[in-house]
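Notes follow the structure.
Each value in this text was obtained by applying a stated rule to the coordinates, not by laboratory testing. Here the structure is a predicted model, which is why all the values come from computation and not from measurement. All Cβ positions, even for glycine, are placed from backbone atoms using ideal geometry, and neighbour counts span all protein chains on display.
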Amino acid sequence: MLEYKIYINGEFRDASDKGTMDSVNPYDKSVFAKLAKSTVEDTKIAIKAARNAFDSGVWSGKTNEERSAILKQIADKIKENSVMLQELEIQESGSTYKKSKDDMFLTYRAASTFAKLALTDLNETLDISKEGVSKNLLVREPVGVVSAIIPWNFPLQMAMWKIGPALAAGCTIVLKPAPETSVSALELAKIIDSTDLPKGVVNIITGDAEVGEEMVTNPMVDKVAFTGSTEIGRKVMSLASATMKSVTLELGGKSASIILDDADLDLAIDGSAYAGYFHNGQCCVAGSRLILTNKNYDEVVERLKTKLAKMKIGNPMDKDTDIGPMVSEKQQKRVLDYIAIGKKEGAKLVYGGGVPKGFEQGCYVEPTLFADVNNDMRIAQEEIFGPVLAVIKAGDENDAIRIANASSFGLAGGVWSRDNDRALNVAKQLRAGTIWINEWHILNDKAPFGGYKQSGVGRELGIEGLKAYTEVKHIHIDEVLDRKKKFWYNVTVPQD
């Protein structure tokens, strides 16, 4: 049995009340690790450590080059330990071998990217400056102490999406992973502890909602970065508003994949299956709605059904497994409940819909395909976060765009077409933060990521993501030193 402690102020420690929590392998529901479970008191201690570290200047006072060098140390050590980290992430999250291997590379790449972005000089001289009159500087400074709360679908990668920009900007941070997937984050704590990062700059704790609430409301915290459901995101935003904290929220999605009538169907069908079923649909950007015109509708539905039948359901540790378990029994039940809702609403169940035979011991759900879905149905409007694809018929291209935008979410979307100009025209009309043309799930650490509408607030990754961890200061340097030439002379202050 693996055992882990929380990481506060450069020390690994038990919870203040000695409480623990289990990490469960969703493949067979076995407990494979026992972790210290943080209390509210532990959370306050972690935030205080981050506050002291920030106020001391031990990190914010370092040069860009010094911060970059330590981020590179973290990146290199992630790469060195990638096999071990991958195995742990498979056990805690149910990620397939293929998916988790990519995640380790993407975590390393994110850390490396922010090591490079840390070298960026974000300060500038504004063009309102006039020689001999005044100079106006725009200075970006670290926002301060960051509380970061991450989800269970990409545990290590999401940790680096928060830690990377925070460190690059000169902030200190308290990170809380999801209760289901805290092991990889605590292993990351060991990696961070082995670098030259000063104590208290990164603190990694565990726990439930009460810990998260303390992280969001504590007055010593300057910024909250949250990735998770829109429902919880609303609560985070509301709680943070009491102390006017800066927030970055990456929330839910109900992304639409549009196959235009001129698309390469071989590419579009494979791509739409990847969009909807990658990682069991447990992705905020999953293409969970597929919009088709009459021309290709029946053929695409039938070919998707054939494609799903060929997907290999298995042990996520096996290199050839396509579909592993859901992250937890709770998530499995949620998805099965939504499948029942889809049937009740009158959608046509084309494939799947239950627990695959031979995998009753784990948290499995068959890849599921619904056709003849009305966009007003709950399975088309609510984020399921599971392997459920809803196929919707559109009258024409304009109708497809209308249907895609008829959602409270706006995180991502995609267009499949042989004509890039036509696809680009459609992409520009879709109300979402990331649009793919003839692709899906491709995110670049140097490009901004975030949503429209109820899919979030702000952007992560790239320069925009780095700036989100800074405060902007305007400094006016006046070069007119003769008081009689000041515009305010004799306006408020009387002449001698």
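Side notes on the structure shown:
- Simple Cβ-charge dipole of the chain, Lys/Arg +1 and Asp/Glu -1, about Cα centre, in debye nearest 20: 560 debye
- Among 360-373, 209-222, the peptide with the highest mean count of other Cβ atoms within 10 Å heads the list, and the full ranking is 360-373, 209-222.
- Distant alpha-carbon pairs in the chain (separation over 38 angstrom), percent: 31 percent
- Peptides 63-74, 103-114 ranked from most to least packed, by the mean per-residue count of other Cβ atoms within 10 Å: 103-114, 63-74.
- For the residue pairs K310/K343; K176/K344; K190/K453, alpha carbon separations beyond 32 Å are given by K176/K344; K190/K453.
- Helix runs (DSSP H) in the chain reaching 18 Å along axis by Cα, Kyte-Doolittle at least -0.5: 40-56, 155-169
- Counted over the chain, the DSSP beta bridges are approximately 40% antiparallel.
- Label point 7 Å beyond Cα of D266 along Cβ direction - residues of the range 411-450 with amide nitrogen under 16 Å: 417-418
- Here's the picture: charge each Lys and Arg Cβ at +1 and each Asp and Glu Cβ at -1 in the chain, and of P448, H474, P367 the one pushed furthest to the positive end of that dipole is H474.
- Protection-proxy order for peptides 409-418, 316-325, 255-264, each taking the mean of Cβ atoms within 10 Å per residue, highest first: 409-418, 255-264, 316-325
- With both residues required to sit in the range 256-437, DSSP beta bridges show an antiparallel share near 10%.
- Rounded FRET efficiency, nearest 0.05, which uses the C-beta distance separating L349 from M317 and R0 of 30 Å: 0.50
- When the inverse distances between all different Cα atoms of the range 256-437 are averaged and flipped, the Kirkwood radius reads 16.3 angstrom.
- Taking one quarter of the surface of the C-alpha convex hull of the range 320-406 gives a mean projected area of 6.6 nm².
- Other residues whose C-beta falls under 9 angstrom from the C-beta of S100 contribute a net charge of -1, scoring Lys and Arg +1 and Asp and Glu -1.
- Taking every alpha-carbon pair under 8 Å whose residues sit at least 6 apart, the chain reaches a relative contact order of 18 percent.
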